[in-house]
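Just below is one structure, and these are the notes that go with it.
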Amino acid sequence: MGERSVVAEGLRAYWLIAGMWVRAGMTYRASFVATMVGNLVMTGMDFVGILLMFSQVDSLGGWSLPEVALLYGLSVTSFGIADLVLGSMDVLGARMRDGSFDTLLVRPAPVLAQVGADRFAVRRLGRVVQGTVVLGWALASVDVDWSVPKVLLVPVMVLSGAAIFSAVFVAGAAFQIFAQDAAEVQNAFTYGGTTLLQYPPSVFGKDLVRGATFVLPLAFVNWVPAAYLLGRPYPIGLPSWAAFVSPLVAVVCCALAGLAWRTGLRSYRSTGS
């Protein structure tokens, strides 16, 4: 019961803080709309780059444009959800440097909820929208022998991928506590991770694929389940049931990230400012 009450308190605090930032952001409607559109256009440039690439080639690592678009849509949509919810975690280092992180520790609300909801920006929905549009087009265009398990696998991939990326955000923030910032290291695994997953695993070396599968299991966001969905062999050879373990991987990642976060908080030493 105690654990449930802490989770409920954290969700309530997150909702209140995020709502405050949403109201603040909506004060200037024209600026909000312009920023939202600009964010949508900027995130879409990645896919434009893929389209330009396919204007010169018929396949990439043996994958067609709709198949690569499927990887792209799954990666960007999953990451977009995590970025919308926890994208402010990368400013933790700046808060520690200026001493404002200390104020979060004395407030009667879970610190993770406060950091996650800090400067909540609805404009980040642009990434989710753009990724969803590409994903919808890819699902309508790929040559897949659809079955009930495959249909159900699509939303499972998106939600599990969002949870895995969220865990990476939290673990990265915990690392910032130990390293006293290092926001760029966190960004290398979050923003860099989603860029990696936009391309087929067959274009990368097997050592990198193994690392993304067994060390930092980002491959379970889309590479592994999408390979099953498309009937393609995975480069390092995994059993077919591995396509359905993304939710389990997400739970393990979230548990480890939570442990890292609690360990980081216990080790934190105030700046004294």
### Query
Residues of region 3-59 being of a type in the set (S, T, Y), over 17 Å from V111 (Cβ atoms) and surrounded by 10 or more Cβ atoms within 10 Å (Cβ to Cβ), which ones?
Y28, S31, T35, T43, S59
### Task
Enumerate the pairs (first residue in region 63-75 and assigned to a helix (DSSP H, G or I); second residue anywhere and polar (S, T, N, Q) and surrounded by 24 or more Cβ atoms within 10 Å (Cβ to Cβ)) with beta-carbon separation below 7 Å, excluding pairs fewer than 6 apart on the same chain, so at least 6 apart or on different chains.
L71/N222; L74/N222; S75/T194; S75/N222
### Query
Restricting attention to region 211-231, and to residues there that are surrounded by 15 or more Cβ atoms within 10 Å (Cβ to Cβ) and free of Cβ contacts under 8 Å to residues at least 40 places away in the same chain, which single residue is farthest from V158 (Cα to Cα)?
G211
### Message
I need the full set of residues from region 156-182 which are open to solvent by 20 Å² or more (accessible area, probe 1.4 Å) and over 15 Å from the mean Cα position of the chain (by Cα), in order please.
### Response
F175, F178, A179, Q180, D181, A182
### Task
Give just the number: which of (1) in a helix (DSSP H, G or I); (2) within 16 Å of S141 (Cα to Cα); (3) of a type outside the set (V, I, T) does F32 not satisfy?
(2)
### Task
Kindly provide the set of residues from region 167-189 that are over 15 Å from L92 (Cβ atoms) and out of contact with any Cys (no Cβ under 6 Å at 6 or more places or on another chain), ordered by number.
A188
### Message
Would you confirm, using the coordinates I've provided, whether L86 is crowded, with 24+ Cβ neighbours inside 10 Å, under 16 Å from W261 (Cβ atoms) and in contact (Cβ under 8 Å) with a residue 60 or more places away in the chain?
### Response
yes
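Of the residues V7, V57, V22, V33, which is touching a residue at least 12 places away in the same chain (Cβ under 8 Å) and either of a type in the set (V, I, T) or closer than 30 Å to L196 by Cβ (or both)? Lay out the reasoning, then the answer.
Numbers: V7 fails: touching a residue at least 12 places away in the same chain (Cβ under 8 Å); V57 fails: touching a residue at least 12 places away in the same chain (Cβ under 8 Å); V33 fails: touching a residue at least 12 places away in the same chain (Cβ under 8 Å).
Testing whether each residue is touching a residue at least 12 places away in the same chain (Cβ under 8 Å) and either of a type in the set (V, I, T) or closer than 30 Å to L196 by Cβ (or both) leaves just V22.
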### Residues within region 96-137 that are of a type in the set (S, T, N, Q) and closer than 17 Å to D46 by Cα, tallied
2
#### Entry: Inter-residue pairs, beta-carbon under 8 Å, first in contact (Cβ under 8 Å) with a residue 24 or more places away in the chain and part of a helix (DSSP H, G or I) and in region 167-189, second open to solvent by 10 Å² or more (accessible area, probe 1.4 Å) and among the aromatic types (F, W, Y), 6+ apart
V168/F189; V170/W261; A171/W261; G172/F189; A173/W261; A174/W261; I177/Y268; Q186/F175
### Scan of region 233-262 for residues that are over 18 Å from S166 (Cβ atoms) and either in contact with a Phe, Trp or Tyr (Cβ under 6 Å, 6 or more places away or on another chain) or touching a residue at least 12 places away in the same chain (Cβ under 8 Å) (or both), ordered by number
Y234, P235, I236, L238, S240, A242, A243, F244
### Query
Across region 90-118, what is the number of residues that are at pLDDT below 85 and within 19 Å of the chain's Cα centre (by Cα)?
3
### Message
Pairs needed: first member in region 90-103, in a helix (DSSP H, G or I); second member anywhere, among the β-branched types (V, I, T) and open to solvent by less than 40 Å² (accessible area, probe 1.4 Å); C-beta distance under 8 Å; at least 6 residues apart or different chains.
### Response
D90/T190; L92/V115; L92/I177; R95/V115; M96/I177
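The values are calculated or read from the model by the stated rules, or taken from the named source; none is laboratory data. All values derive from a computational prediction rather than experimental measurement. Positions of Cβ are backbone-derived with ideal geometry, glycine not excepted, and every protein chain shown enters the neighbour counts. To get the accessible areas, we keep the full protein, side chains included, count just its heavy atoms, and leave off ligands, DNA and RNA. Shrake-Rupley method; radii C 1.70, N 1.55, O 1.52, S 1.80 Å.
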